[in-house]
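The values are calculated or read from the model by the stated rules, or taken from the named source; none is laboratory data. Please read these numbers as outputs of a predicted model, since none were measured by experiment. FYI the Cβ positions are ideal-geometry reconstructions off the backbone, even for glycines, and counts take in every protein chain you see.
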2 protein chains.
Amino acid sequence: MISKQRISDIRKLHQKKFRDAERRFIVEGRKSVEMLLSSAFVVEEILTTEAFHAQYPGLFQGQAVTFGSPTDLERISGMSTPPEVLAIALQKRPAPPSPSGKQPLLVLDRISDPGNLGTIIRTADWFNIQHIVCSPDCVEFYNPKTIQATMGSFCFVEVSYLPLVPFLQEASQTRRVLGTFMDGQPLASIVPQPDDILVIGNESNGITPEVAALVTERITITKVHPGRPSAESLNAAVAAGITMSQLFGR
Amino acid sequence: MISKQRISDIRKLHQKKFRDAERRFIVEGRKSVEMLLSSAFVVEEILTTEAFHAQYPGLFQGQAVTFGSPTDLERISGMSTPPEVLAIALQKRPAPPSPSGKQPLLVLDRISDPGNLGTIIRTADWFNIQHIVCSPDCVEFYNPKTIQATMGSFCFVEVSYLPLVPFLQEASQTRRVLGTFMDGQPLASIVPQPDDILVIGNESNGITPEVAALVTERITITKVHPGRPSAESLNAAVAAGITMSQLFGR
């Protein structure tokens, strides 16, 4: 049984202002909690049902576990299908990557949808991009919908928020900055380099002009159009996936 | 002003059983309605505010327009941000493509999330795939969330629902059937052929065994992993996008 007060306190973590103030976040569902527990995050508390705990006893060794009813968990959860387990963990603020580093980087300029951000993190992880730099006005990494959409990859990719212009000004001294536009070179014609930086822009408005000015290679995912009316754009997470696959895939 | 009874009748179209019975569907938002009006769909009614109509008078020429308040539209809408315009249109049931045809095809096996289906249709449209075959247990094309996620591409891609096994049995006599698996050949090593069929499986469970048995080329999006813990899979719409880009892109 979880008290009404405690449920209300945890529910506050669905709001950014409380997450920021407390520096905590919520992780929901078995797969994500399992990955959280095997990661470097500090886990404060696991909330689950007695039935679930009996089913996966090994999962919770050494953890502070609070038992609740399925209804308690449903009240805490932000998901349409409430999970049988969720966790409260402490936020990390990873050190930003070096602009002049040698590892490939993804830079996100004003991504606004948490599902898109989470999906992009998941794809980045697949292609071994271990650092992402977000503009300060990107949606929040610790938004529960972002965390959910990463499918556990929030544990494996470091995401920093910082102003993009000074970062890319320095980075573009030593390496290429690629960005997707409607009028760039065909993606298939790009020969990837191991220290490439890829910039992905906002879902509706693309890359902001001051960031676009720092892009050294403008690229485009060629649309195949035989003159019939057709799609005007790709979904941002899909466009990011196709570009990452071409640049960082094997 | 739209009557309570009329609002209640239209709201029923958010449920599949009423959509099936009436053979109607809802399209929400300016961009989607604009594409609908320029398509071959029969539009029965446009619902909008007088203010929006005054702003875009050309959009509605020759159409039956019903005016409502923003609150009326909010009551009808299924979106979290209610649109200023929506439309009721008649469903089409396109004739299925020929199994032995020469055009590239996408086959979807039990895609369950309407957002994923819509995003896949949008991407297919970008790469000029004009026909998609869905297994009967795929989520519904006319689900408002599917329609929304296509961003207008529901007008340009024909989607048929039919049992996959007989279709692919016949198709595999004359052309390749490619499917994505965890253990296939690297996608980058595949030389595309213009009449290729690509099968995409369910978000959690992949391609069903009876469909997998008819796949002639098993392919995989190679994961780049240097031995660290990382993502276990890609989002279905992203995986579909990467594969379509490689097979059908330029």
Select, from A:Leu90, A:Leu108, A:Leu86, the only residue that is within 24 Å of B:Val224 (Cα to Cα) and either of a type outside the set (Val, Ile, Thr) or surrounded by fewer than 24 Cβ atoms within 10 Å (Cβ to Cβ) (or both). A:Leu108
For the stretch A:183-192, enumerate the residues that are exposed (fewer than 13 other Cβ atoms within 10 Å of the Cβ) and closer than 28 Å to A:Pro136 by Cβ. A:Asp183
Give all pairs with beta carbons closer than 8 Å in which a residue from the stretch B:150-164 that is more than 8 Å from chain A (Cβ to nearest Cβ) and charged (D, E, K, R) meets a residue that is assigned to a loop (DSSP other than H, G, I, E, B) and surrounded by 17 or more Cβ atoms within 10 Å (Cβ to Cβ); count only pairs at least 6 apart in sequence or on separate chains. B:Glu158/B:Pro97; B:Glu158/B:Gln130
Can you name the residue in the stretch A:237-250 that is at the interface with another protein chain (Cβ under 7 Å from one of its Cβ atoms) and more than 22 Å from B:Ser32 (Cβ to Cβ) and, of all such residues, is surrounded by the fewest Cβ atoms within 10 Å (Cβ to Cβ)? A:Arg250
Hey, does the stretch B:172-179 have a residue that's modelled with pLDDT of 95 or more, part of a loop (DSSP other than H, G, I, E, B) and surrounded by fewer than 18 Cβ atoms within 10 Å (Cβ to Cβ)? yes
I'd like to check something: does the stretch A:227-236 contain any residue that is in a helix (DSSP H, G or I), within 14 Å of chain B (Cβ to nearest Cβ) and surrounded by 22 or more Cβ atoms within 10 Å (Cβ to Cβ)? yes
Among strands (runs of 3 or more DSSP E) entirely within the stretch B:5-103, at least 3 residues that are touching a Leu at 6+ places or on another chain (Cβ under 9 Å) and hydrophobic (A, V, I, L, M, F, W, C) occur in B:24-28, B:43-48, B:85-90
When the residues of the stretch A:1-17 are filtered to those that are surrounded by 15 or more Cβ atoms within 10 Å (Cβ to Cβ) and among the hydrophobic types (A, V, I, L, M, F, W, C), which remaining residue is farthest from A:Gln91 (Cα to Cα)? A:Ile2
Output the residues belonging to the stretch A:104-149 that are free of Cβ contacts under 8 Å to residues at least 40 places away in the same chain, outside any helix (DSSP H, G or I) and among the aliphatic types (A, V, I, L, M). A:Ile132, A:Val133, A:Val139
Look through the stretch B:210-220, keep the residues that are touching a strand residue (DSSP E or B) at 6+ places or on another chain (Cβ under 7 Å) and not small (Gly, Ala, Ser), and return whichever of them is farthest from the other protein chains (Cβ to nearest Cβ). B:Leu214
Condition (residue is farther than 13 Å from A:Arg11 by Cα and of a type in the set (Asp, Glu)) applied to the stretch A:59-77: is it met by at least one residue? no
Filter the stretch A:77-130 down to the residues that are touching a Ser or Thr at 6+ places or on another chain (Cβ under 9 Å), among the small types (Gly, Ala, Ser) and within 14 Å of chain B (Cβ to nearest Cβ) and list them by number. A:Ser112, A:Gly115, A:Gly118, A:Ala124
For B:Val133, are the conditions met, namely being on the phi < 0 side of the Ramachandran plot and under 14 Å from the mean Cα position of the chain (by Cα)? yes
May I ask you to list the residues in the stretch B:196-207 that are in contact with a helix residue (DSSP H, G or I) (Cβ under 8 Å, 6 or more places away or on another chain), closer than 22 Å to B:Pro97 by Cβ and assigned to a loop (DSSP other than H, G, I, E, B)? B:Asp196, B:Gly201
